[in-house]
Amino acid sequence: MTTSRRTVLKGAAATAALAATPRFVQAQSSQPIRLGFQLHRTGIGAAYGRWYERTATAALKVLNEQGGINGRPVEIVFEDDGTDPKRGAEVVEKFAAGDMDLVFGTLFSHVVMGAAPRAGELRIPYLVCSEGHHVASGALNRWTLQPGITDVKSQVRAMAPWVASNLGRKVTLIYPDYAFGYDHRDNFTAAMQEQGGEVIELLAIPPTETSFTRYLPRIPRETEVIYH
C-alpha cells in the first residue's frame, strides 16, 4: 500500500492537534467530566441565576443516576460572576486553571462580551445561552458557542413584519442599556424601516434601574407601538 505526502501531513496535523489539547483526550477514562458553571448568583442577573443553579443541579442528579456521559460521572462547579463583565473574565480564568472541560451558563450579553475573549485566549469551550447577536454575527471567537437559542436579530426580523401589519408603524423602543439592548435597538430599527415603519424614540434603561415610571413621560404622543 502506498502512502501519499498529503496523507502523511494530514496524519501529522491531527496528531499535533490532539497533543495540543490534552484536556479533550480522555478516551476510556473513568475520570469525571468537569464543567464550570459561570453563574449570575448576584447582580442584575441574580433572578435568572437562582433558577439556573437549581435546574442545573437537578439535571446533574438525573444525568449521573443514568450513568453520566459515556460512563463517566459529571461534576459541575458553580462560580458567581456577579453579572459583571470583568468578574466574568476572571471566572473563566479560574475555571481554565482548575482544569474544567468547558465553561457554560452565561446569559447576560455584557458579561458574555467581557468573558468570551478570555475563553478564546485560553482555548476553553465557552457555551453561552445569551440571545445577543454577537455570537451569530462572528463578533467573538471559535471557542464561544451559542447552542439552542435564537439570537436577537433573528427574533426582531421575524417580529417586525407582524408589528407593522397589525399594530402600527410609529414605534417607541425601550431597551436595556447594554449589549443585549443594543442588538434590539440596531436590528429592530432596521427591520421596521424595511417594513415602511419608523422608530421615533429610543429610550435606554440602565441595568440597575428599579422603576420605569420616570421614562413614561418621554414616550411621544404619536407613538402607535411600544416595543420593549
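The values are calculated or read from the model by the stated rules, or taken from the named source; none is laboratory data. Fair warning: this is a prediction, and the values are worked out from it, not measured in the lab. So basically every Cβ, Gly included, is an ideal-geometry build from the backbone, and we count neighbours across all protein chains shown. The accessibility values were calculated without ligands, DNA or RNA, using every heavy atom of the protein model including side chains. Shrake-Rupley method; radii C 1.70, N 1.55, O 1.52, S 1.80 Å.
For this structure, a couple of remarks:
- Entry comment: accessible area of segment 136-188 is 51 Å² per residue, from protein heavy atoms only and a probe of 1.4 Å.
- Within a Gaussian network of the chain (alpha carbon springs, distance under 10 Å), most fluctuating of Asn187, Asn64, Asn141: Asn64
- Reachable aspartates and glutamates, given that their alpha-carbon falls under 13 Å from the alpha-carbon of Lys94 and they are not under 8 places away in the same chain: Glu79, Asp80, Asp81
- For Rg and Dmax of the Cα atoms in Å, calculated from these coordinates, the label among (i) 21.1, 65; (ii) 22.2, 81; (iii) 16.6, 52: (ii)
- Per residue solvent-accessible surface (Å²) - segment 35-87, probe of 1.4 Å: 57
- For the chain, share of DSSP beta bridges that run antiparallel, in % to the nearest 5: 5
- Here the accessible area is traced with a 1.4 Å probe on the protein chains. For the chain, carbon and sulfur cover 54 percent of it.
- Neighbourhood net charge (13 Å Cβ-Cβ; Lys/Arg +1, Asp/Glu -1) for Ala89: -2
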